[in-house]
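Below: one structure, written as structure tokens.
The values are calculated or read from the model by the stated rules, or taken from the named source; none is laboratory data. The model shown is predicted, which means the values in this text are computed figures rather than measured ones. Methodologically, a virtual Cβ is constructed for each residue, glycine included, from the backbone with ideal geometry; neighbour enumeration extends over all protein chains shown.
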Amino acid sequence: MIADMYELLADPRDADITTSLVDQIANLTLTIADRANVLSQGTIVHSAPANKLKCDAVIMRTYFGVSESVINAAWQPMDLG
């Protein structure tokens, strides 16, 4: 069900329609996003293309609580199809 929702969220992006998504499921969100902002206490602390942000071990560990071993081994794009 969640994957279906994210698949629908990708439709506007594919039609070049800008949307704003606030979510805590970083792996899914970064899979469908073109660009992402990381907020800490209401302030943007990092902004980058989603694919670069997803590969930034310091950001993933600090803000998303993803361990180094998960980043290196299993932090892969989720299949939404």
Open item on the list: One residue is enough: does segment 15-26 have a residue meeting the conditions in contact with a Phe, Trp or Tyr (Cβ under 7 Å, 6 or more places away or on another chain) and either at pLDDT below 85 or closer than 22 Å to S67 by Cβ (or both)?
Closed with: yes
Open item on the list: Suppose the filter is of a type in the set (S, T, Y), at pLDDT 85 or above and in contact with a strand residue (DSSP E or B) (Cβ under 7 Å, 6 or more places away or on another chain); does S47 pass it?
Closed with: yes
- [ ] List every residue pair whose Cβ atoms sit under 7 Å apart, with the two residues 6 or more apart in sequence or on different chains, where the first one lies in segment 1-21 and is without any contact (Cβ under 8 Å) to a residue 24 or more places away in the chain and the second, anywhere, is in a loop (DSSP other than H, G, I, E, B) and of a type in the set (D, E, K, R).
- [x] R13/D34
